[in-house]
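Taking it in order: structure first as structure tokens, then the write-up.
The values are calculated or read from the model by the stated rules, or taken from the named source; none is laboratory data. Note that this is a predicted model, so its numbers are computed, not measured. Quick reminder, even Gly has a Cβ in these numbers, built from the backbone with ideal geometry, and neighbours come from all protein chains shown.
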Amino acid sequence: MDNNNPQVIVVNNPAVYTSPKSRIVALLLCFFLGILGGHCFYVGKAGIGILYLFTGGLCGLGVIIDFIRILAGTYTDGNSLPIRNW
């Protein structure tokens, strides 16, 4: 084995690369406080949260998109990690 070639270790455990934030909490915050950016602040996206706060959740359209993304499981936290399942 050549020492100049580093070995790559693949980890198949989804808990290693998911956010500690809960998907159900993000979904509820999006539903009840989405226009105020509550779900964005929860997952660590303060910049987007402030934008939602001052624009009414991008006139509600951003909230609807985020709600669908949270349901689909494609919404990420501030570190670009997918939020954990229910």
Review point. Name the pairs: first residue in segment 9-33 and at pLDDT 95 or above, second residue assigned to a helix (DSSP H, G or I) and surrounded by fewer than 16 Cβ atoms within 10 Å (Cβ to Cβ), Cβ to Cβ under 8 Å, at least 6 apart or on different chains?
Key: LEU27/LEU71
Check your understanding: When the residues of segment 30-70 are filtered to those that are buried (at least 20 other Cβ atoms within 10 Å of the Cβ), touching a Phe, Trp or Tyr at 6+ places or on another chain (Cβ under 9 Å) and aliphatic (A, V, I, L, M), which remaining residue is nearest to PRO82 (Cα to Cα)?
Key -> VAL43
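Out of segment 35-81, which residues are at positive phi and hydroxyl-bearing (Ser, Thr, Tyr)?
The answer is SER80, and nothing else.
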Review point. Do the conditions hold for ILE70, that is, is it β-branched (Val, Ile, Thr), at pLDDT 95 or above and in contact with a strand residue (DSSP E or B) (Cβ under 8 Å, 6 or more places away or on another chain)?
Key: yes
